[in-house]
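> My structure is below; once you've seen it, I'll send some questions.
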Amino acid sequence: MTRFAVLISALVLATPLAAQDKESICSTSAGIVDAAVEARTEGMGQKKAVQTIGNGLEGDAAIYKAAVQPIVNWVYGLEEAQLSEEVGATYEKACLAQ
C-alpha cells in the first residue's frame, strides 16, 4: 500500500464517516493539505504546523483534528519539488476516487 493510500485510510478512520459525506471529508482534508503545504513553504516547523492547523479547525471541521497530524506528516515528507498549489487538488481527487 502506498503512503498516500495509508494516509487516506488513516483519515477515514480518524473521522466519523456517519457524520460526514465523502465529498465533505475529501474537501476538508484537502484544505488541511493546502494549509500544511503553505506552512511548510513558509518555513514553519512540522510540530508548529500541526498545532496551528489543528487549532484553526472549529465548528463542524473540528472533527478533523485527529487527521491533522498524519496529513501534515505526509506533506512534510514530500520532496520539496512536489510542493505546489496542486497538492491539495490532487489529494482531493485521489480521496474522492477511494
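> Which of the peptides 82-91, 24-33, 46-55 is most tightly packed, and how do the rest follow, judged by the mean count of other Cβ atoms within 10 Å per residue? Let's see the in-between values first.
On the way: 82-91: 15.3, 24-33: 21.0, 46-55: 16.8.
For the peptides 82-91, 24-33, 46-55, the packing ranking is 24-33, 46-55, 82-91.
> Further question on the same structure: Given +1 on the Cβ of Lys and Arg, -1 on the Cβ of Asp and Glu, and no further charges, what dipole in debye does region 17-97 carry about its Cα centre, rounded to the nearest 20?
With Lys and Arg at +1 and Asp and Glu at -1, about 340 debye.
> A follow-up question, please. Multiply the residue separation of GLN46 and THR90 by 0.36 nm, subtract the distance between their alpha-carbon atoms, and state the gained length in nm to one decimal.
Working it through step by step, the gained length comes to 13.7 nm.
> If the cut-off is 24 Å between C-alpha atoms, which lysines fall inside it for LYS48, apart from same-chain ones fewer than 8 positions away?
LYS65
> Okay, moving on. What number comes out for accessible area per residue over region 17-97 if the probe is 1.4 Å? Units Å², please.
Per residue, region 17-97 has an accessible area of 56 Å².
> Counting other Cβ atoms within 10 Å of each Cβ, which GluC sites (Glu not before Pro) in region 18-52 have at most 13 and sit in a DSSP loop?
GLU42
> A further question on this structure: What percentage of the solvent-accessible surface of region 17-97, computed with a 1.4 Å probe over protein heavy atoms, is contributed by carbon and sulfur atoms?
49
> Under Stokes-Einstein, with the Kirkwood radius over Cα pairs standing in for Rh, what whole-number D in µm²/s applies to region 17-97 at 10 °C and 1.306 mPa s?
125
> Show the residues, 5+ positions off or on another chain, whose built amide H is closer than 5 Å to the amide H of GLY56.
none
> Roll a 1.4 Å probe over the protein heavy atoms and report the accessible area of ASP21 in Å², nearest 10.
ASP21 has an accessible surface of roughly 80 Å² with all protein chains in place.
> Something else about it: Short version: ³J(HN,Hα) in whole Hz for each residue of region 28-35, in order, from phi by Karplus 6.51 cos²θ - 1.76 cosθ + 1.60 (θ = phi - 60°), x for Gly and Pro, what are they?
Whole-Hz 3J(HN,Hα) from phi for region 28-35: 5, 5, 5, x, 5, 4, 4, 5.
The values are calculated or read from the model by the stated rules, or taken from the named source; none is laboratory data. Owing to the predicted nature of the structure, the values given are computational and were not obtained by experimental measurement. A quick note on method: Cβ atoms are made from the backbone with ideal geometry, for glycine too, and the neighbour counts reach across all protein chains shown. Calculation scope for accessible area: heavy atoms of the full protein, side chains included, ligands and nucleic acids excluded. Shrake-Rupley method; radii C 1.70, N 1.55, O 1.52, S 1.80 Å.
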